[in-house]
Structures are given as structure tokens and as C-alpha cells.
Amino acid sequence: MKQSKLNLLRVKIVNIRSALRKRYFLLLGLQLGESVQLGQITCLWPSNVSIGKGTIVQDGVDFTFGTPFTKGVGIEIGERVFIGRCCEFNCNKSIIVGNDTMIASNTTIVDVGHEFTDTMPINLQKVIDADIIIGADVWIGTGCKILMGVTIGNGSIIGAGSLVNKSIPENQVWAGSPAKFIKNRF
């Protein structure tokens with residue numbers, strides 16, 4: 001009996017902290033739809049992030065921006081999306097995630113990189129970026145890396161631990177490092 005009362009108290013505290021966190025980020029400009037469950041995230045530029053209704057964002061998710069003041073830079077998360085623990089969104093241009101998509105824990109999505117030549121140090125070379133678009137009803141397995149310029153078509157599945165460095169058509173299963181076509185979903 002005592003254990004269940006402690007669990008109820010713990011749940012109330014978690015819910016209060018979650019509500020306060022949502023209010024804090026809303027004040028800073030984060031756009032949140034109804035019924036969003038927002039874990040303990042890191043986001044220095046919340047006004048560049050939009051999260052659709054019914055989405056679950058677990059603890060440890062990091063939204064990072066390299067050029068937060070550039071017009072059009074942002075992360076747009078659709079409705080009823082699941083984002084697992086410790087995912088990283090590293091945005092220099094645009095990352096869009098469609099409705100009903102699931103992104104498993106420890107996935108990294110990066111829309112930026114560097115050019116490289118042998119004439120100068122890498123840290124002095126030009127930064128390059130390209131939009132990432134993840135369609136609706138996509139499942140991305142744990143520990144994946146999604147790189148700049150990639151579009152993942154609606155209904156596709158990416159196997160755990162995959163490195164996605166090129167676009168993937170709709171309704172296909174891809175896996176590996178680099179990711180390769182495995183089969184059609186239907």
C-alpha cells in the first residue's frame with residue numbers, strides 16, 4: 001500500500017515538472033501542439049523548433065543550431081511522432097519529420113558538414129548544408145545516423161545502426177553502414 005502511494009506521488013511530481021518545462025519552452029518560443037509529451041531536452045534556440053500534437057519527445061533529446069539567426073533555419077516535427085532518448089538534431093538549414101514517424105534512441109540527424117581540400121585546415125574550410133526530409137510513417141531504428149541532403153520517403157524503415165547518406169524511396173527497408181536497399185515494405 002505504501003509503495004503505491006509513493007508511486008502516485010512520483011508520477012505527480014514528474015507531471016508537474018513536465019508541465020513547467022513545457023511552459024518554460026513555450027515562453028522561449030517553442031511551438032508545441034496539443035498533448036505533446038516533452039522530456040528533459042536541450043534546446044538553446046526553441047523559437048526555431050515546432051513540434052506537432054500528440055508527439056512524444058523523451059529525455060536527453062538535443063536540438064542544436066549552427067546558424068540560429070538565419071531566416072528559414074528550423075526543425076519541424078510532425079504530429080504523433082515518437083523521438084526516443086538521447087537523439088540529436090544538428091541543424092544548420094532545415095530538418096523536417098513527417099507525421100506518425102518513430103525515431104528510436106541514440107539517433108543523430110545532421111544537415112551540415114564541411115568541404116575539404118588539402119590546402120587548409122579542416123576547421124577553416126567552408127561549411128556546407130542541405131535539408132533533411134523524413135517522410136510520414138517512417139521507422140528509424142536505434143543508433144542511426146542521417147546525413148545532410150537525405151530524403152527518406154513515406155513508409156520506409158531504416159534498420160538499427162544504419163548510416164543513411166543518400167535518399168531512400170517510399171516504402172522500402174534499408175540497413176547497414178552505409179545503408180543499402182534490403183527489400184520493399186509491401
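Please give me, ordered by residue number, the GluC sites (Glu not before Pro) of region 24-105 that lie in loop per DSSP and have at most 14 other Cβ atoms within 10 Å.
Those satisfying the criteria are 34.
Once label points are set 7 Å from the Cα along Cα→Cβ at both residue 47 and residue 130, what is their separation, rounded to one decimal in nm?
3.1 nm
May I ask what percent, to the nearest 5, of DSSP beta bridges between residues of the chain are antiparallel?
Approximately 15 percent, going by the DSSP bridge assignments.
Identify which of the listed values of Cα Rg over 2.2 N^0.38 Å was calculated from the structure shown: [x] 1.13; [y] 1.69; [z] 1.03.
Correct label is [x].
Report, in whole Å, the centroid distance computed from the Cα atoms of region 3-19 and region 125-186.
Here the two parts' Cα centres lie 38 Å apart.
Output the 0 to 90 degree angle, nearest 10, between the alpha-carbon long axis of helix 2-27 and the longest principal axis computed from the alpha carbons of the chain.
50 degrees
How about region 1-66: which chymotrypsin sites (Phe, Trp or Tyr not before Pro) there lie in a loop by DSSP and see at most 13 other Cβ atoms within 10 Å?
Sparse-neighbourhood loop chymotrypsin sites (Phe, Trp or Tyr not before Pro): none present.
Enumerate by residue number the chymotrypsin sites (Phe, Trp or Tyr not before Pro) in region 72-162 meeting two conditions: DSSP loop (anything except H, G, I, E, B), and at most 15 other Cβ atoms within 10 Å of the site's Cβ.
When the chymotrypsin sites (Phe, Trp or Tyr not before Pro) of region 72-162 are filtered for loop state and at most 15 Cβ neighbours within 10 Å, 116 remain.
Kindly rank 51-58, 119-126 from highest to lowest mean number of other beta carbons found within 10 Å of each residue.
The peptides rank, most packed first, as 51-58, 119-126.
Rounded to the nearest 0.05, what FRET efficiency do residue 9 and residue 154 give with R0 = 45 Å and r taken as the Cβ-Cβ distance? Could you check?
0.55
Pop a pseudo-label 7 angstrom from the Cα along the beta-carbon direction at both residue 122 and residue 105 and give the gap in nm to one decimal.
Taking the two extended label points, one gets 2.9 nm.
We did not get these values from a lab; they are worked out from the coordinates using the rules stated. No experiment lies behind these values; they were computed from the predicted model shown. Using ideal geometry, Cβ is built from the backbone for each residue, glycine included, and neighbour counts are taken over all protein chains shown.
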